[in-house]
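The values are calculated or read from the model by the stated rules, or taken from the named source; none is laboratory data. The structure displayed is predicted, hence computed values, not measured ones. Don't worry about glycine lacking a Cβ; one is built from the backbone with ideal geometry, like all the others, and counts go over all protein chains shown. What goes into the accessible areas is simple: the full protein's heavy atoms, side chains included, and nothing from ligands, DNA or RNA. Shrake-Rupley method; radii C 1.70, N 1.55, O 1.52, S 1.80 Å.
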Amino acid sequence: MALQSSEAQPQPLGRVVMAVKDWVGRCSEIWVDAQVIEIKRRSGPTQFLTFRDRVADMSAKVTVSAMVLDAAGPLPEGSRVTARVRPRVWERNSTLSFECLELVVAGEGKLLARLEQLKRKLQAEGLFEAHRKRRAPFIPRRIGLVTGRGSDAEQDVVQGVQRRWPALFTLAHCLVQGPNSAESVITALQRLDKDPDVDVIIVARGGGSLEDLLSFSDEGVVRAVANCHTPVISAIGHEQDVPLVDFVADVRASTPTDAAKRVVPDFQEEAVLMGQARSRLDGAIAQRLDVAQRSLDDLRSRPVLKDPTSAFSAHHDRLALLRHRLRTGVDTLLRHEESALSTALAGVRAMSPKATLERGYAVLFDGDATVSSVRDTSPGVLIRAHLADGQLDLAVNAIHHQENHA
């Protein structure tokens, strides 16, 4: 029932809001087709979404219970959904929103939800962990390429690599789209992984829709890449395309052309770097040689190295001085000893019987005994007198005693 009002008799705002709420509340539930552009999860039972029309520039706020949202399965932003909603007016701020009673992921959104669920499963198994990533060789001997026969991706990779570095390829053509493509990709991968000459494998495909690239999000393909012993580079679609194989590959290239840049270095750039490194090395060697030469010149300039015998000259002079002092000392000591010996010899000689005999004295022997007193002999005894120049045999005729007057 329409409210009556005039300038003189206006209606209270709250009454008007409640009337609008009552009118909106009479609207029946309706199924809508929309795209989810924002998801705000809260800790409480009510969650908040933002729907946008898939064609017109219109959006609406939507509330949904956690139970209904979880029942829909994985719901990444951008998913297309079909929802059963009913309009509601919140009287507190007079905002119009929709309450979602049932939510179903539809079309591409349903596919995205299924892929999101598979992604979470594989991530929980640890297939996306960084420690599983292997480093591709800097310069591979041979590159394995998994791609469609005669595809643009094949040309982009091969020509891009050849422009940068003269590399060898082993091609493994396969189906990159369709019901049997996943099995074909797995077979090509396994064949290249068993080839001992292949150092790195590139899986390449050009751009396309989500359905076109679905083979490279297949669980079997993802696990085949994870089980490869050879490093794998994924180059699927364009930069905005992110199939599940990108998460498990050792290196993710945004495009096949980008893969060519990542798998081999650029010859011209490496030549420039080599030239710079060689110049730095030559400079470092020249500097080391210059320092060594200066050190050698400094050593050679020292007197001992200019004339190795010069060090012996001072020692020779000192040795000569010491030799002279030694000889002088020996001579002096000999003279002192000779003088002392002469003095001793003179004393000995002065005290010897021979010296006494030379002064006119004689030594008398009666047989083997010396005669030192008149009492040692008697008249008539034969005695021998030892003189300085000989001996005399004497006979004692008489003995005269000397009187002591002391």
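Scanning the stretch 85-144 for residues that are modelled with pLDDT of 90 or more, hydrophobic (A, V, I, L, M, F, W, C) and assigned to a loop (DSSP other than H, G, I, E, B) returns LEU127, PHE128, ALA136, PHE138, ILE139.
Please work out which residue is most open to solvent (accessible area, probe 1.4 Å), limiting yourself to the stretch 361-403 and to residues that are in a loop (DSSP other than H, G, I, E, B), within 28 Å of ALA350 (Cβ to Cβ) and not hydrophobic (A, V, I, L, M, F, W, C). Walk me through it before giving the result.
Taking the stretch 361-403 as the starting set, the residues that turn out to be in a loop (DSSP other than H, G, I, E, B) are 361-362, 367-368, 372-373, 377-381, 387-390, 396-403.
Now drop any that are not within 28 Å of ALA350 (Cβ to Cβ), which leaves 361-362, 368, 372-373, 387-390, 402.
From what's left, not hydrophobic (A, V, I, L, M, F, W, C): 361, 368, 372-373, 389-390, 402.
Values: TYR361: 134, ASP368: 155, SER372: 105, SER373: 38, ASP389: 143, GLY390: 29, GLN402: 175 Å².
Restricting to residues being in a loop (DSSP other than H, G, I, E, B), within 28 Å of ALA350 (Cβ to Cβ) and not hydrophobic (A, V, I, L, M, F, W, C), the top hit is GLN402.
Cβ-Cβ distances below 8 Å connect the following pairs, each with a first residue in the stretch 36-64 that is over 14 Å from ALA83 (Cα atoms) and in a loop (DSSP other than H, G, I, E, B), a second residue that is of a type in the set (Ser, Thr, Tyr) and open to solvent by 20 Å² or more (accessible area, probe 1.4 Å), and a separation of six or more residues or different chains: PRO45/SER65. Taken as a whole, the structure leaves ALA320 outside the set of residues that are closer than 30 Å to ALA388 by Cα, out of contact with any Asp or Glu (no Cβ under 9 Å at 6 or more places or on another chain), open to solvent by less than 90 Å² (accessible area, probe 1.4 Å) and part of a helix (DSSP H, G or I). For LEU118, the conditions (1) without any contact (Cβ under 8 Å) to a residue 60 or more places away in the chain; (2) in contact with a helix residue (DSSP H, G or I) (Cβ under 9 Å, 6 or more places away or on another chain); (3) of a type in the set (A, V, I, L, M, F, W, C) all hold with the exception of (1).
When the stretch 148-162 is filtered for residues that are in contact (Cβ under 8 Å) with a residue 40 or more places away in the chain, of a type in the set (D, E, K, R) and out of contact with any Pro (no Cβ under 6 Å at 6 or more places or on another chain), the ones remaining, listed by number, are ASP152, GLU154.
What tally of residues in the stretch 209-262 results from selecting those that are among the aliphatic types (A, V, I, L, M), assigned to a loop (DSSP other than H, G, I, E, B) and open to solvent by less than 20 Å² (accessible area, probe 1.4 Å)? Lay out the reasoning, then the answer.
Just the residues of the stretch 209-262 that are among the aliphatic types (A, V, I, L, M), to begin with: 210, 213-214, 221-222, 224-226, 232-233, 235-236, 242, 244-245, 248-249, 251, 253, 259-260.
Applying the additional criterion that residues be assigned to a loop (DSSP other than H, G, I, E, B) yields 210, 213, 242, 244, 249, 253.
Now drop any that are not open to solvent by less than 20 Å² (accessible area, probe 1.4 Å), which leaves 213, 244, 249, 253.
Within the stretch 209-262, residues that are among the aliphatic types (A, V, I, L, M), assigned to a loop (DSSP other than H, G, I, E, B) and open to solvent by less than 20 Å² (accessible area, probe 1.4 Å) number 4.
Can you work out which of the residues in the stretch 367-386 that are modelled with pLDDT under 85 and touching a Leu at 6+ places or on another chain (Cβ under 6 Å) is farthest from THR356 (Cα to Cα)? Checking each candidate, the answer is VAL371.
Each row is one residue, and each column tells you yes or no for (1) more than 29 Å from ARG384 (Cβ to Cβ); (2) acidic (Asp, Glu); (3) loosely packed, with under 11 Cβ neighbours inside 10 Å.
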residue	(1), (2), (3)
ARG325	yes, no, yes
VAL330	yes, no, yes
LEU333	yes, no, yes
ALA355	no, no, no
ARG359	no, no, yes
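For first residues located in the stretch 175-198 and under 19 Å from ILE143 (Cβ atoms) and open to solvent by less than 40 Å² (accessible area, probe 1.4 Å), partners that are of a type in the set (A, V, I, L, M, F, W, C) and assigned to a loop (DSSP other than H, G, I, E, B) and lie 6+ apart or on another chain with Cβ distances below 8 Å form the pairs VAL185/CYS174; VAL185/LEU175; VAL185/VAL176; ALA188/CYS174; LEU189/CYS228; LEU192/VAL198; ASP193/CYS228. Restricting the first member to the stretch 11-28 and to residues that are open to solvent by 50 Å² or more (accessible area, probe 1.4 Å), and the second to residues that are outside any helix (DSSP H, G or I) and of a type in the set (Asp, Glu), the beta-carbon pairs closer than 8 Å and six or more apart or on different chains are MET18/GLU91; LYS21/GLU91. Quick check on VAL81: is it touching an Asp or Glu at 6+ places or on another chain (Cβ under 9 Å), assigned to a strand (DSSP E or B) and either open to solvent by 50 Å² or more (accessible area, probe 1.4 Å) or under 30 Å from ASP241 (Cβ atoms) (or both)? Yes. Counting just the residues of the stretch 126-163 that are of a type in the set (D, E, K, R) and buried (at least 18 other Cβ atoms within 10 Å of the Cβ), which one comes out nearest to ALA260 (Cα to Cα)? Of everything passing the filter in the stretch 126-163, ASP156 is nearest to ALA260 (Cα to Cα).
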